[in-house]
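For reference, the structure discussed in these notes is given below.
The values are calculated or read from the model by the stated rules, or taken from the named source; none is laboratory data. Remember, predicted model here, so these are calculated numbers, not experimental data. Here the Cβ positions follow ideal geometry from the backbone for every residue, glycine too, while neighbour counts run over all protein chains shown.
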Amino acid sequence: MKLGFIGRLARVTLGVLAISLMPAQFAQAEKYASIVVDADTHEVLHARNADALRYPASLTKAMTLYMVFDALKAGEITLQEELPVSRAAASQPPSNLRLRAGSTITVRDAIRALVTKSANDVAVVIAERLGSSESRFATLMTAKARSFGMTRTTFRNASGLPDAAQMSTARDMAILAERLLEDHSGYYHYFSTDSFQWGSQKYPNHNALLRSVDGVDGIKTGYTRASGFNLMSSARRDGRRVIAIMFGGSSSLSRNQHVSDLIEAAFNTFETPRLPDTALASYAINNIQRPGNINAAAMPMLNGEVFTPATIGEGDESTPLRVAPR
């Protein structure tokens, strides 16, 4: 099902809040983009730079998982199947499970590892199983995405690790979220996985909104230096569901707060009597906090390293790796 909102601004409830989000002089440099959709009516409740090309980072893995769920539904693989780990897969940088070449991981554990740990090595394991090679799998991902309306999305890998040609938009990611919910409702529960045990390690889900925002039951976080902090989220309350996408946060905390605010405002509008557009716009603006430092989405760099006490693994918000002293 294609979203029926392309070309429609729908309710102004959240949309006009974007006016105050970004000074015009920063328009060329910004990485921020967002969209909020009523998943039941497909109305766009808010859109800011929703069709602007952005780096998806590990939101890519939501598409990788869509392909896994397709294969499960078609009987091409099973949850119990043991997937072999190649040298290419084992060599992927963090975030990863540190899989060893020659070992195996079940499809079920692979799904959980992608959802929680956002493991780049596991993404390649899946790509090689379903596409023979990661590059071919990325071509299949792109074709599938285009088939259901993600017209501005191109995948070059299965993980979301940096690639200048791997681009998407907030609107396209909203389409993907809806397709996951509609086409693979039987597997969607995996996105609510709180933690994943692998060997002696227990990995909590990087999506903190699962534990802090009422009704949130998925979907995926992402981070690279080029993209900033991204989040694809969905929440259900009282029989209503909203999808919120954000690209380009300056930190995971500011991103989480902004997406939380967007979700709360969306549900609040469902309880608000129909008002003139100007009143709805004013209401929405007054209830949204400006995301912190959205023009500096990627972290500041010093001598080629992120200028923080620790370096975050690209591809998602992995456990920080200490930067070696220079």
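Residues that are in contact with a His (Cβ under 8 Å, 6 or more places away or on another chain): list the strands (runs of 3 or more DSSP E) wholly contained in the stretch 29-91 that include at least 3 such residues.
On the way: elements: 33-38, 44-48, 82-84.
Of the strands (runs of 3 or more DSSP E) lying wholly inside the stretch 29-91, those with at least 3 residues that are in contact with a His (Cβ under 8 Å, 6 or more places away or on another chain) span 33-38.
Just for the stretch 128-140: of the residues that are among the polar types (S, T, N, Q) and assigned to a helix (DSSP H, G or I), which one is surrounded by the most Cβ atoms within 10 Å (Cβ to Cβ)?
T139
What residue, of L140, L83, L53, is in contact with a strand residue (DSSP E or B) (Cβ under 9 Å, 6 or more places away or on another chain), under 16 Å from S159 (Cβ atoms) and either β-branched (V, I, T) or modelled with pLDDT of 95 or more (or both)? Write out each step before concluding.
Working: L140 fails: in contact with a strand residue (DSSP E or B) (Cβ under 9 Å, 6 or more places away or on another chain); L53 fails: under 16 Å from S159 (Cβ atoms).
Just a single option satisfies the conditions, and that option is L83.
Would you mind stating whether D172 is within 19 Å of K31 (Cβ to Cβ), charged (D, E, K, R) and at pLDDT 95 or above? Break it down stepwise before answering.
Details: within 19 Å of K31 (Cβ to Cβ): yes; charged (D, E, K, R): yes; at pLDDT 95 or above: yes.
For D172, the condition - within 19 Å of K31 (Cβ to Cβ), charged (D, E, K, R) and at pLDDT 95 or above - is met.
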Report yes if R156 is under 26 Å from G215 (Cα atoms), among the charged types (D, E, K, R) and crowded, with 17+ Cβ neighbours inside 10 Å, otherwise no. no
Between residues in the stretch 189-210 that are touching a residue at least 60 places away in the same chain (Cβ under 8 Å) and residues that are part of a strand (DSSP E or B) and among the hydroxyl-bearing types (S, T, Y), which pairs lie under 6 Å by C-beta distance while being six or more apart or on different chains? F196/Y203; P204/S195; H206/T221
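Conditions tested, residue by residue: (1) in contact (Cβ under 8 Å) with a residue 24 or more places away in the chain; (2) β-branched (V, I, T); (3) surrounded by 24 or more Cβ atoms within 10 Å (Cβ to Cβ); (4) assigned to a helix (DSSP H, G or I).
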{"position": "V122", "(1), (2), (3), (4)": "yes, yes, yes, yes"}
{"position": "T142", "(1), (2), (3), (4)": "no, yes, no, yes"}
{"position": "T151", "(1), (2), (3), (4)": "no, yes, no, no"}
{"position": "L161", "(1), (2), (3), (4)": "yes, no, no, no"}
{"position": "D172", "(1), (2), (3), (4)": "yes, no, yes, yes"}
